[in-house]
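Here, each number is a calculation from the coordinates, and none is a lab measurement. Note that the structure is a prediction, hence the values are computed from the model and not measured. Here Cβ is always computed from backbone atoms with ideal geometry, including for glycine, and neighbour counts include all displayed protein chains.
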Amino acid sequence: MGTMRLVVDAPDAGAPAEVAVERLSELLGDTRNRLWLDIGDPGADEVALLRRVFGFHELALEEVTKSHERPRCDAYGRYYFIVVYAAERAGDTFLARELNLFWSDNYLVTIHRRAPAVLAVLSEARRRWEHHESRQTCGVAALACTLFESLVEGYFVVQDRVRERIEHIESEILEGADRAAADLFRLRKELLRVPRLLAPTSHVLAEVLRRERGVPEGLRPYFADVQDHAVHVLAELDTYRDLLGAALEVQTFYAFNRLGRIMQRLTAVTVIILVPNFVASVFGMNLGHIPFGQSQYAFVMVVAFLACMVAWGFIHSRILGWL
């Protein structure tokens, strides 16, 4: 069962006010009213209401009930159907939360799955809309503008957190921490996935600006500024991704160097213990004609020889730089 909330900015009202959803048809009949219908977790009843009251296209209504892979902006007669994503932080990872919009001259319908990031965007958008200097003259377009502003500002949170994680990983690399490579791979994987959903938001804004309908001239600088911010933050994320790629190459190089160093040390240890092990195994065999086998000084001579061989192996490995 979904939830619905209707906010009305009437021409004779001082500020937008929440009213009963049952008044939707009545209020929609007066084109001077600016309506915001917010639907969370839409079901069959909510989709039926959208079909009955707004007359949205069936293709658009089908899109409402399923998840999308990329943002989009489709024009249907007098309204847009838009898909964008909000960035939600979950521990050290980021999740892209979908938000659908139906945007026309006198109404905005927002549809979502009640993700915390989306709810935060909508709450901030309403606060800004109520205080926007163009609310009375630009109406619903001002609401759409504040919504996109709030959405893109959430991307800056992703940018700041990624920068912090990169600085932390840099410290791990300098300290030689074993988990540095795993953290690098994990963060780079996120930067390949999340921007793929967030980046097209700037394309959606460009598409809205390209079409004359929907955006009053006075709001175009605002939309253009939001688009510039989206382009900037996503360009930064692309830069971070490239830096992480270079860091992975360096980390892999150092990992191979460390592996080679370990193999050198293992080889040196093997060489050092090889001769003593061979000599000890020969004298440990049950044979009667081993040289010096019957001498009372045989043990001392063999031990001295083994000590010399161990010392020579250690010195030789140090000269080669293997130990």
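Computed from the C-beta positions of GLU130 and HIS168 and an R0 of 45 Å, the FRET efficiency is 0.70 to the nearest 0.05.
Each peptide in 149-158, 98-107 gets a packing score, the mean of other Cβ atoms within 10 Å over its residues, and the list from highest to lowest is 149-158, 98-107. For the stretch 34-122, averaging the sequence separation of C-alpha pairs within contact (under 8 Å, six or more residues apart) and dividing by the residue count gives a relative contact order of 32 percent.
Put a dot 7 Å past the Cα of SER281, heading toward its Cβ, do the same for ARG210, and the two dots end up 7.6 nm apart. The simple Förster model, with R0 at 41 Å and r as the Cβ-Cβ distance, assigns ILE262 and SER67 a FRET efficiency of 0.30. Seen against the Cα atoms of the chain and their longest principal axis, helix 180-198 is set at about 20 degrees.
When the alpha carbon gyration tensor of the chain is reduced to an equivalent ellipsoid, its three semi-axes come out at 74, 19, 14 angstrom, largest first.
Pick out, from VAL162, ALA87, TRP36, the residue whose Cα sits farthest towards the positive end of the charge dipole of the chain, with +1 on the Cβ of Lys and Arg and -1 on the Cβ of Asp and Glu. Checking the options against the dipole of the chain, the answer is VAL162. Against the chain, whose longest principal axis comes from its Cα atoms, helix 220-283 is set at around 10 degrees.
When the Cα positions of GLY139, PRO221, VAL47 are compared along the charge dipole of the stretch 3-254, VAL47 comes out farthest toward the positive end, with charges on each C-beta of Lys, Arg, Asp and Glu.
Charges were assigned to the Cβ only: +1 to each Lys and Arg, -1 to each Asp and Glu. The resulting dipole of the chain about its Cα centre is roughly 1200 debye. Using the alpha-carbon positions of the stretch 69-147, Rg (one decimal) and Dmax (whole number) come out as 13.5, 42 Å.
Dipole magnitude of the stretch 98-248 about its Cα centre, charges +1 at Lys/Arg Cβ and -1 at Asp/Glu Cβ only, in debye to the nearest 20? I would put it at about 640 debye.
Helix-only arithmetic for the chain: the sum of -39500 (n - 2.57) across DSSP H runs with n ≥ 4, divided by the residue total, places the mean residue ellipticity at 222 nm at -20000 deg cm²/dmol.
Relative protection proxy for 181-190, 43-52, from highest mean packing down: 181-190, 43-52 (other beta-carbon atoms within 10 angstrom).
Between GLU26 and ALA48, full extension at 0.36 nm per residue minus the direct alpha carbon distance yields a gain of 6.2 nm. Each Cα pair under 8 Å and six or more residues apart adds its sequence gap; the mean of these over the residue count of the chain is a relative contact order of 13 percent. In this structure, ASP74 and LEU243 have a Cβ-Cβ separation that, at R0 = 51 Å, corresponds to a calculated FRET efficiency of about 0.90.
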